[in-house]
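Let me begin by presenting the structure, written as structure tokens, before commenting on it.
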Amino acid sequence: RGWGLRKMAAAGAAARVGRGLRSALCYGQPRGSRVGGRLLCPGSCGGGAPAVAVAAASSRPATGEEERYCIELVRKRDYEGFLCSLLLPAESRSSVFALRAFNVELAQIKDSVTQKTIGLMRIEFWRKAVEDIYHDNPPQQPVARELWKAIKRQNLTKKWLMKIIDEREKNLDDRGYRNISELEAYAENTQSSLLYLTLETLGVKDIHADHAASHIGKAQGIVTCLRSTPYHASRGKVFLPLDICMLHNVSQEDFIRHKQEQKVKDVIYDVASQAHIHVEHARSFRKKVPVKAFPAFLCTVSGTLHLF
């Protein structure tokens, strides 16, 4: 049964990416969000939030300019994260918006600079900002100040913030992943670290929740890589694991030229299968994970939908 589900999941992902490759121009200027050069929200997300999101946002009490800045940044650049954050308990919502805004600030560096040196300078700004925040001296920048408030409220672990910074710095090299393990490591240090911090805002300290977060973060990272393939291919770049491409004798040109051969679909199938395996591993912990942790994993819904 498990193998059948993985086949269905991977086949669905292959079909989605295949359709995207046929219409790559639609991804050239997505209306949704692009984080770290990887498309997080397809153009179908469109402009405004659905009624439930608008209602949730309008029911919020008046917030400061810094919090509003973070919310708007996440809405524009991480739309799915924005929707999931609206559904979090009130006591953790502001902190998660600050964390997601921090992640967006780091992720968009790669696409906003033309020289790696400038990108490294911006990364260094955030590394120093986090150090200063933990010394109770945040810089006068809205995301940094909101992050400082979140850390003071929920005593967030510095290690996870630094892992996100370090991994985003490595990603400035703009090279493909040599194998699926490299892609999983990237996802663990970015997506999973963000989930660990989200669990902390919910007051959850549980090894089973951490294990689930690790697998969900890896699945998210893999799915994001797949979803962004048409966009990157339209720019002459491919970030899918090279070992899997080589296994099926697929070159970067095959993706860039939007070829629909079976071997291209086989690459997508194999990559998507790995994401589905992580989703199934995460689900295996559902009876052990505290109910209080469930809101942190709402983001799994959109990622799973893109596998089927």
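The values are calculated or read from the model by the stated rules, or taken from the named source; none is laboratory data. All figures in this text were calculated on a predicted structure; none of them were measured in a lab. For neighbour counting, all protein chains shown are included, and Cβ atoms are generated from backbone atoms with ideal geometry for every residue, glycine included. Surface areas here come from the heavy atoms of the whole protein model, side chains and all, with no ligands, DNA or RNA. Shrake-Rupley method; radii C 1.70, N 1.55, O 1.52, S 1.80 Å.
In this calculation the C-beta distance from H281 to K170 is compared with R0 = 22 Å, giving a FRET efficiency of 0.30. The share of alpha-carbon pairs in the stretch 122-220 lying farther apart than 16 Å comes to 59%. Value of Rg to Rh for the stretch 89-137, rounded to two decimals, is 1.08; Kirkwood radius and Rg both from alpha-carbon coordinates.
With a Förster radius of 35 Å applied to the C-beta separation of K158 and M246, the computed FRET efficiency comes to 0.35. In a reduced charge model with +1 at each Lys and Arg Cβ and -1 at each Asp and Glu Cβ, the stretch 252-305 shows a dipole moment near 460 debye about its Cα centre. Rolling a 1.4 angstrom probe over the stretch 110-221 with all protein chains present gives an accessible area of which 50% lies on carbon and sulfur atoms.
Three principal axis extents describe the C-alpha atoms of the stretch 186-250; from largest down they are 46, 24, 14 Å. To the nearest µm²/s, what D does Stokes-Einstein give for the stretch 229-301 at 37 °C and 0.692 mPa s, using the Kirkwood radius over alpha carbon pairs as Rh? Calculated translational D: 228 µm²/s. Each of D111 and H208 was given a label point 7 Å from its Cα along the Cα-to-Cβ line. The distance between the two points is 3.8 nm. Rounded to the nearest 10 square angstrom, V279 shows an accessible area of 10 square angstrom against a 1.4 Å probe. In the context of the full set of protein chains, residues of the stretch 129-205 present 42 Å² of accessible surface per residue (probe radius 1.4 Å, heavy atoms only). Pop the C-beta distance of K128 and S181 into the FRET formula with R0 = 30 Å and round what comes out to the nearest 0.05. FRET efficiency, K128 to S181: 0.45.
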